[in-house]
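Bear in mind these aren't lab numbers, they're just calculated from the coordinates by the rules spelled out. Treat the numbers as computed from the prediction; the structure is a model and nothing was measured. Note: ideal-geometry Cβ built from the backbone for every residue, glycine included; neighbour counts use all protein chains shown.
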Amino acid sequence: MKVKLWGTRGSIPSPGPETIRYGGNTSCVGVTLSDGSLLALDAGTGIRSLGLALAAEPARLHILLTHLHLDHIQGLVFFAPAFRAQTEIVIWGPASPEASLRDRIARYISAPLSPVEVRELPCDVSFRHCPQSEWEIGSARISAASVAHRGPTLGYRIDDGDSSLAYIPDHEPALGADIDSLDEAWISGLGLARDASLLIHDGQYADAEYPDHIGWGHSSLSHSISFARRANAARTVLFHHDPMHSDERLDQLGLEAQQRWLALGGADGEIELAVERSEYELPAHATSATSAS
Amino acid sequence: MTQRPLELILARNLMSALSTPAFLVDEGGLLVFYNEAAGALLGKRFEELGTVGAEEWGSMFGPFDGNGEPIPYDELPLVVAVRNGRPAHADFEISSADGARHQVEVSAFPILTAHGSQGAIAVFWPAGSHDGAGR
């Protein structure tokens, strides 16, 4: 399984000279399974670059949406494969009692917010609510579970061979809970992340920023580290960077994360901050991820 | 260990912060949590008791009707809520671990999600208490 981060920013695109190293595109992760199947995890503005990179790729792919906040769907109408008649796109996402996934996405892909409507997309697009039980895409087994965030929100786990990727980009597991002491069954998202080869997890706020954002659906650095420790993931990438965090600020937070990880008994290189366009290789018969670039 | 549904996790987190006694059961009627206020009412903390089977918790603390007769399990508000997916309310008496009787009002409601019922919550309002030894 190959994993590439096309957008690592949270909330709103944040391009500019101060974010050029970690990136300014919002959430999107490209996954190539061992059988060649293609997945996109979320469709933030990063999916535009993914689409351009796929120009000559096979025409069927799956987009797995964690939720429908704008920073996770904004790139959909700028995703080049959606405008090719020969492309088949399956969009997975959370169910809601209010409306179907298609209808909820159509609120964005419609006037006056969009120049095109869902029905006008040239590709063969379908919308599916994620089942509660595991399902298969290509060579992978996919699991989805609701996680603590605002509104219906999923986290995903992708098992391909012996490798596993857990993706929980928007997550506040410590809301009203002490995740250091709680029984594992009572920690949001932990079932998805347990023993993952690679965990991509919300790391939006510095600890000092979190008290002003309790209930906003995101983690502090301490919460992210605690969650990763409880999950026993082989490698953790902190994701969904706050748009106010410059490269220099993220350098500081990354260093702090590593130091605290080591102080808790972790090993060097097991935790890092997400960098746009970075790649990870998860061998089919290994348990840890290696950086491909 | 099986991951609890998010709705139960959030319910537990909320209940943990309340000073109103509250109980949480899963979709199978298993008592999976009660908060500190409920523990004070019952005279036993949840951590001491742990998860309790559906029929067992229904009889552990009574409950009793106005005549002191045990109330059938099927009629308890929490059972009605989790089985029938609708809210229920009742007044009855419960017996705490030290034998004291407490008159309570109980409101229970189901936790319904896009994937169906995940359990139910019952909230207790103590209406007064007296020593069971005097009965």
Mean other chain Cβ within 10 Å across A:95-105 is 1
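Would you tally the net charge around residue B:90, using a Cβ to Cβ cut-off of less than 10 Å, leaving residue B:90 out, and scoring K and R as +1, D and E as -1? Mind showing how you got there, number by number?
Working: positive: none; negative: B:65, B:75, B:91, B:105.
Neighbourhood net charge equals -4.
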Report the Cα centroid-to-centroid distance between region A:202-247 and region A:94-168 in angstrom, as an integer. 23 Å
Other chains near A:10-18: what is the mean number of their Cβ atoms within 10 Å of each residue's Cβ? 0
Amide H to amide H under 5 Å from residue A:67: which residues, 5+ apart in sequence or cross-chain, H placed 1.01 Å off N in plane? A:154
Neighbour counts of other C-beta atoms within 10 Å: give me A:213, A:149 arranged from fewest to most. A:213, A:149
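Averaged across the residues of A:145-158, what count of C-beta atoms belonging to other chains lies within 10 Å of each residue's C-beta? Write out the running numbers ahead of the final one.
Details: counts 3, 9, 2, 4, 1, 0, 0, 3, 1, 1, 1, 0, 0, 0.
Whole-number average of other-chain Cβ neighbours for A:145-158 is 2.
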Take chain A, connect every pair of alpha-carbon atoms lying under 10 Å apart with a spring to form a Gaussian network, then pick out the residue of A:147, A:125, A:31 with the largest mean-square fluctuation. A:125
If N is the number of residues in chain B, what value comes out of its Cα radius of gyration divided by 2.2 N^0.38 Å? 1.00
Among B:67, B:92, B:34, which residue has its Cα furthest toward the positive end of the charge dipole of region B:6-134, with +1 on Lys/Arg Cβ and -1 on Asp/Glu Cβ? B:34
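Between residue A:12 and residue B:98, take the C-beta separation as r, use R0 = 60 Å, and let me know the FRET efficiency to the nearest 0.05. Spell out each step's value before the answer.
Working: r = 57 Å, r/R0 = 0.95.
Result of the calculation: an efficiency of 0.55.
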Along Cα→Cβ, 7 Å out, is where each label goes; now give me the distance between the ones at residue B:89 and residue A:206 in nm to one decimal. 5.0 nm
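How do B:15, A:244 rank when sorted from fewest to most other Cβ atoms within 10 Å of their own Cβ? Before the final figure, lay out the partial values.
On the way: B:15 22, A:244 12.
Ordered by Cβ neighbours within 10 Å, fewest first: A:244, B:15.
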log10 of Debye I(q)/I(0), alpha-carbon scatterers only, for region A:2-291 at 0.09, 0.10, 0.11, 0.12 Å⁻¹: -0.38, -0.48, -0.58, -0.70
If the label point is 7 Å along Cα→Cβ of residue A:232, which residues in region A:270-284 have backbone nitrogen under 19 Å from it? A:270-271
Could you check the simple spin-label distance between residue A:86 and residue B:49, using points 7 Å along Cα→Cβ, in nm with one decimal? 6.5 nm
What is the fewest-to-most order of B:20, A:66 by other Cβ atoms lying within 10 Å of their Cβ? B:20, A:66
Efficiency of FRET from Cβ geometry, residue B:17 and residue A:53, R₀ 45 Å, rounded to 0.05: 0.45
What number, rounded to the nearest 500 deg cm²/dmol, is the helix-based mean residue ellipticity at 222 nm of chain A, given -39500 (n - 2.57) per DSSP H run of at least four residues and division by all its residues? -4500 deg cm²/dmol
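In nm², what is the average projected area of the convex hull enclosing the Cα atoms of region A:1-129?
Details: hull surface 32.5 nm².
Mean projected area for region A:1-129: 8.1 nm², to one decimal.
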Local net charge near residue A:202, Cβ-Cβ under 11 Å (Lys/Arg +1, Asp/Glu -1): -3
Could you state the angle between the C-alpha long axis of helix B:6-16 and the longest principal axis of the C-alpha atoms of chain B, as a value from 0 to 90 degrees rounded to the nearest 10? 40 degrees
